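**Q** Have a look at the structure that comes next, please.
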Amino acid sequence: MSVDVHAVAKALNLTPRRVQQLRSEGLPSLGRGQYELGPCMAWYIRYLQGLLEKRGPNVNADTPDLIAERTRLAKEQGDKLAIENSIKRGELVYVSDVIQTWSEHIAGAKAKLLSLPSKIAPQLVNQPNANVIAARIRAEVDTALIELAESNDEYLGSVETSEETMETAAEADDLGVVGQLS
């Protein structure tokens with residue numbers, strides 16, 4: 001059954017002018033100003049579906065894609081949980097903790113080494129033999145280094161540290177976390 005442009009426009013909720021524009025884009029017609037309503041409606045539905053597919057799931061370009069945002073959020077939550085678990089396992093530490101610990105060690109080493117001259121000078125003031133003086137200074141430096149190493153073991157607990165068994169490298173990420181690479 002053939003209908004005119006006004007009937008098609010009313011059925012598709014369009015203006016007659018828009019129906020004529022759609023005819024130039026492929027809307028089926030029977031001739032000048034004559035249309036079959038069923039095929040026109042089917043074509044218009046496919047036409048609108050094509051427009052939606054081109055536009056994608058995001059209707060407004062200013063609105064973020066909900067699926068992409070949920071995916072990003074899930075990834076961030078997973079990354080956060082992985083970092084927290086690594087910290088609990090002792091695989092990662094906070095940069096501020098490393099800085100504080102090393103600052104304490106350096107301050108302790110500095111204090112011990114700076115106290116050596118005043119500690120051994122009175123003992124060696126009358127010593128004429130340079131070899132005896134050098135041996136005494138070396139012994140005091142070794143004692144200070146052993147004390148510093150023992151204080152370091154308190155921080156490390158039961159973790160074995162030796163140059164042969166472990167290579168360490170500190171890498172800080174944007175979260176202020178340092179990792180140990182082996």
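**Q** Which members of the stretch 1-58 meet the condition of being of a type in the set (Ser, Thr, Tyr) and touching a Ser or Thr at 6+ places or on another chain (Cβ under 8 Å)?
**A** Applying the first criterion (of a type in the set (Ser, Thr, Tyr)) to the stretch 1-58 yields 2, 15, 24, 29, 35, 44, 47.
Once the filter is applied, which keeps residues that are of a type in the set (Ser, Thr, Tyr) and touching a Ser or Thr at 6+ places or on another chain (Cβ under 8 Å), the stretch 1-58 yields only TYR35.
**Q** If you don't mind, there's one more thing I want to ask. Tell me which residues, restricted to the stretch 63-106, are small (Gly, Ala, Ser) and modelled with pLDDT under 90. Write out each step before concluding.
**A** We begin by selecting, within the stretch 63-106, every residue small (Gly, Ala, Ser); these are 68, 74, 78, 82, 86, 90, 96, 103.
Those that are small (Gly, Ala, Ser) and modelled with pLDDT under 90: ALA68, GLY90.
**Q** Which of the residues that make up the stretch 1-14 are surrounded by fewer than 13 Cβ atoms within 10 Å (Cβ to Cβ), assigned to a helix (DSSP H, G or I) and of a type in the set (A, V, I, L, M)?
**A** Hits for the stretch 1-14: nothing passes.
**Q** Separate question: State the number of residues belonging to the stretch 15-46 that are in contact (Cβ under 8 Å) with a residue 12 or more places away in the chain, on the phi < 0 side of the Ramachandran plot and not in a helix (DSSP H, G or I).
**A** Adding up the residues that qualify gives 6.
**Q** Moving on. Just to verify a result, which residue in the stretch 85-130, among those that are touching a Lys or Arg at 6+ places or on another chain (Cβ under 8 Å) and of a type outside the set (S, T, N, Q), is nearest to ALA144 (Cα to Cα)?
**A** For the stretch 85-130, the residue satisfying everything is ILE120.
**Q** Within the group SER96, SER103, SER115, which residue is surrounded by 12 or more Cβ atoms within 10 Å (Cβ to Cβ) and in the same structural domain as THR143 (by TED's automatic domain parsing)? Step through it out loud before you land on a result.
**A** Details: SER96 fails: surrounded by 12 or more Cβ atoms within 10 Å (Cβ to Cβ); SER103 fails: surrounded by 12 or more Cβ atoms within 10 Å (Cβ to Cβ).
Going through SER96, SER103, SER115 in turn, the sole match is SER115.
The values are calculated or read from the model by the stated rules, or taken from the named source; none is laboratory data. These numbers were taken from a predicted model, which means no experiment stands behind them. Backbone-built Cβ (ideal geometry, glycine too); neighbour counts: all protein chains shown.
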